[in-house]
1. State the number of residues belonging to segment A:41-62 that are more than 8 Å from chain B (Cβ to nearest Cβ) and under 15 Å from the mean Cα position of the chain (by Cα).
2. Would you be able to tell me the number of residues in segment A:463-472 that are open to solvent by 10 Å² or more (accessible area, probe 1.4 Å) and either out of contact with any helix residue (DSSP H, G or I) (no Cβ under 6 Å at 6 or more places or on another chain) or touching a residue at least 24 places away in the same chain (Cβ under 8 Å) (or both)?
3. List every residue pair whose Cβ atoms sit under 8 Å apart, with the two residues 6 or more apart in sequence or on different chains, where the first one lies in segment A:473-492 and is farther than 11 Å from A:Phe331 by Cα and the second, anywhere, is open to solvent by 70 Å² or more (accessible area, probe 1.4 Å) and among the hydrophobic types (A, V, I, L, M, F, W, C).
4. Quick check on segment A:240-250. Is at least one of its residues farther than 30 Å from B:Thr257 by Cβ and open to solvent by less than 40 Å² (accessible area, probe 1.4 Å)?
5. Among the residues of segment B:276-288, which ones are open to solvent by less than 40 Å² (accessible area, probe 1.4 Å) and in a helix (DSSP H, G or I)?
6. Is one or more of the residues making up segment A:202-210 at the interface with chain B (Cβ under 8 Å from one of its Cβ atoms) and open to solvent by less than 40 Å² (accessible area, probe 1.4 Å)?
7. Please go through segment B:77-86 and pick out each residue that is within 11 Å of chain A (Cβ to nearest Cβ) and of a type in the set (Gly, Ala, Ser).
8. Only one of B:Ala194, B:Ala181, B:Ala185 is surrounded by 21 or more Cβ atoms within 10 Å (Cβ to Cβ), in contact with a helix residue (DSSP H, G or I) (Cβ under 7 Å, 6 or more places away or on another chain), within 14 Å of chain A (Cβ to nearest Cβ) and small (Gly, Ala, Ser); which?
Amino acid sequence: MTAFWSNLRRGAVAASALTLSAMLPANAETTITAVMHSGLRVLDPVITTAHITRDNAFMVFDTLVALNSDFEVTPQMADFEVSADGLTYTFTLRDGLKWHDGGDVTPADCIASIKRWMQRDGGGQMINDRMASLEATGDKTFVLTLTEPFPYTLEAMAKVSSLALFMMPERIASAPANEAITEFVGSGPFKFVADEFQPGVKVVYEKFDDYVPAPGPRSWFSGAKDVLVDRVEWVTMPDAQTTMNALMNGEIDFMESVPVDLLPLLEGMPGIKTEVLSTLGAVTIGRMNFKHPPFDDPKVRQAAKLAISQENVLTALIGNSEYFQVCGAIFGCGTPYEFTDGSESLTSGGDIEAAKAMLAESSYDGTPIVLMQPTDVVTLTAQPIVAAQALREAGFNVDMQPMDWQTLVTRRASQIPPAEGGWNLFFTNWIVPEVSNPLGNVMLNGRGDQAWFGWPEDPEIEDLLKAFAEAPDLAAQQAITQQIQAHVMENVNYIHLGQYFSPSAWSTKLSGVEPAPFPVFWGISKE
Amino acid sequence: MPTYFIRRVLAAIPVMLVVAVFVFLLLRLTPGDPAAILAGDMATPDQLEKIRTSLGLNEPVYVQFTRWIGGLLQGDFGTSLISNTPVIDLVADRMWPTIWIALITITLSVIVAVPMGVLAAWKHRSWVDHAVMTFSVLGFSVPVFVIGYLLIKLFALDLGWLPVQGYIAPSQDFAAFAARAVLPALTLASIYIALIARMTRASLLDVLGEDYVRTARAKGLTERRVLFRHALRNAAVPVMTVIGTGFALLISGVVVTESVFNIPGLGRLTVDSIFARDYPVIQALILLTSGVYVGVNLIIDLSYSLLDPRIRY
């Protein structure tokens, strides 16, 4: 049989020669072809929290300051100085910074960008609440003055999760924050090629020759963003098997997210490397509706938390234990705020008997709880099924309602009673940088109707968040995050269901692929 | 005939109007909020409300409908709520891959299936007939993605003759276009060959039992002339219907094949738009699909009179 294929292959050489020219790039420029986790449709990184929009923005736009792999904030487009009283932040732009259209980057551009971002991002709004002024003081300098110290300021400006702070020319950044921008001129390491953009199909970037890399070694999003190829193309492929076939056939160079169950097909294959690049991974969580019974009762929430086992959920979700981690820390394992207080039942397989006892003590009267189950998002289909079984074993009456994700995101915004089309419980996922800081973790907001879906009224956590915002150093912040961890486990603001990791795969023709919370394409060369 | 043509075109207008009203209302009744999708997971209720207002989604449904219909009458299909791109550009970009694959598939299918069907009818109950019918049942029964993956495994991964996926416009690089079109067209053709061959065979078997065929044979005409000149032409009406409907189906989107071969066609655009609740794009696509069906049916009806002179309009 092997000989048959061998002969057939030899016989195919002539035909291959004819089609090979069709499969190879038409010219000699170096192009990395990558398949990201989804197709890019929305370009404005201020209007949406879609991860692919953020990833695109990090290619095209640059940031004032950046976060490195040690969670330190470093200068990127600007050096910064903080006054001794913590009220004045002076930013000085690096020499030679240019927009992709050739214009110089000015303080006015940066100020407009910061003001637009402040209208949308939670951290930005906190800075805005404390802002006395934000004004240019020279050709390259501008000053942010606060009314009270806010040590989180630089970290908020360096965030790497959605709604990161990107610099845009003033004419673009002056658009209202709730209206999408239509021009994509940045100062980042890659230029966005608008003529070749096909929403949901293909994005093309070209190396920006006038880019001036920041000094210092490359680390996550800080340091030198040296571009070592001519072009990068992101091609959307809706089918994982097709993507893997294309990688094996040399038609693409990089696949951001390989389904763990298909990974064995690529592992050990010559010319292909597989590795987890996003070493912090993602967390999966369950969120309850605090506005309606039964989850308005903390004991019912406790009972639900006691019933569920992280390991069962993660096994159903991921399968291969090499790619998940039972982790009781709500801020993520591997982060500076890794505390596990109060998570024992979650991380030790659940405690159905304790859940039953707690439910018996509670106000629960057997009313069905509406559990929304998305059926079209692979990473969200398993959690409701496993949780529903655990909750039923603990004595809950569960009404699991399948629906598509978009129906779920609309319905979860509704505050009407569950029996009338509202909801009691749903599950979602976050990448760890989105939950790793108390001020960036939207699920911790305890301001009732102003809070994230579920709308908890929790003055105690609001006090803790305020204390965290004012904490002067890491040690003080860690002490407060430990209290937040304990409080969240006690009050069950949400159920933390552990951490998981998506492997990536790429051709060994690529060199310089390094771990980061999401893929970056600077520092990568191609044979 | 011209009167009939004009009458049919005019009759299409109320059909399209009913489709437009129905689609518009149905989408508004479907759960889902494009603003929530656009704003993402972290949006506050206040931010959502602002985005909803800026997209015009807070206006009464009749105002939204009037604006949309007004735009349509001026040839403006609106702008995608998600990508902020004119709908007409989005659809135009995605239409050509679908049209090319549909044309190649239908051409290939007709070239292969009609002779197969004729052969099966001519050699009725012989091994040839059984072989054609077996292929036909297989073509129908094996899911299209299985055929697609098998073809990829054989011709792309094992033999290395063809690329796995993708689409390149023929005007950009014809060789690359052709290399990428072969496997999806073969995959889709497997169904249509089965369908058309089966229909040709059944239709021809009916005709071959007619008196005029017996008369033609009694006159001493060659079997080839009897089959192709007398029988096939009379058997062609139902076959044309199947070909026409098949073409319309291919144009309206073959999402599985487009996904397996990564073809950025109308099928994927439709599914993506539905998941994103991108109302203007979905509305335009459904109107387009309806238009294609109306147009294809008209062409099929007109072709009847060319194939069978007894049919007059």
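The values are calculated or read from the model by the stated rules, or taken from the named source; none is laboratory data. Treat the numbers as computed from the prediction; the structure is a model and nothing was measured. Cβ sites come from the backbone with ideal geometry, for glycine too, and all protein chains shown count toward neighbours. Ligands, DNA and RNA are excluded from the accessible area calculation, which covers all protein heavy atoms including side chains. Shrake-Rupley method; radii C 1.70, N 1.55, O 1.52, S 1.80 Å.
1. Looking only at that region, the number is 10.
2. Total meeting the criteria: 6.
3. Sorted first by the residue in segment A:473-492, then by its partner, the list stays empty.
4. If we filter segment A:240-250 for residues that are farther than 30 Å from B:Thr257 by Cβ, which is where we start, we get none.
So far as segment A:240-250 goes, no, none of its residues is farther than 30 Å from B:Thr257 by Cβ and open to solvent by less than 40 Å² (accessible area, probe 1.4 Å).
5. Step one: filter segment B:276-288 for residues open to solvent by less than 40 Å² (accessible area, probe 1.4 Å), giving B:276-285, B:287.
The answer is B:Ala276, B:Tyr279, B:Pro280, B:Val281, B:Ile282, B:Gln283, B:Ala284, B:Leu285, B:Leu287.
6. Going through segment A:202-210, the residues at the interface with chain B (Cβ under 8 Å from one of its Cβ atoms) turn out to be A:202.
Those still in the list that are open to solvent by less than 40 Å² (accessible area, probe 1.4 Å) too: none.
No, that holds for no residue.
7. B:Ser80, B:Ser83
8. Numbers: B:Ala194 fails: within 14 Å of chain A (Cβ to nearest Cβ); B:Ala185 fails: within 14 Å of chain A (Cβ to nearest Cβ).
Checking each option against the conditions leaves just B:Ala181.
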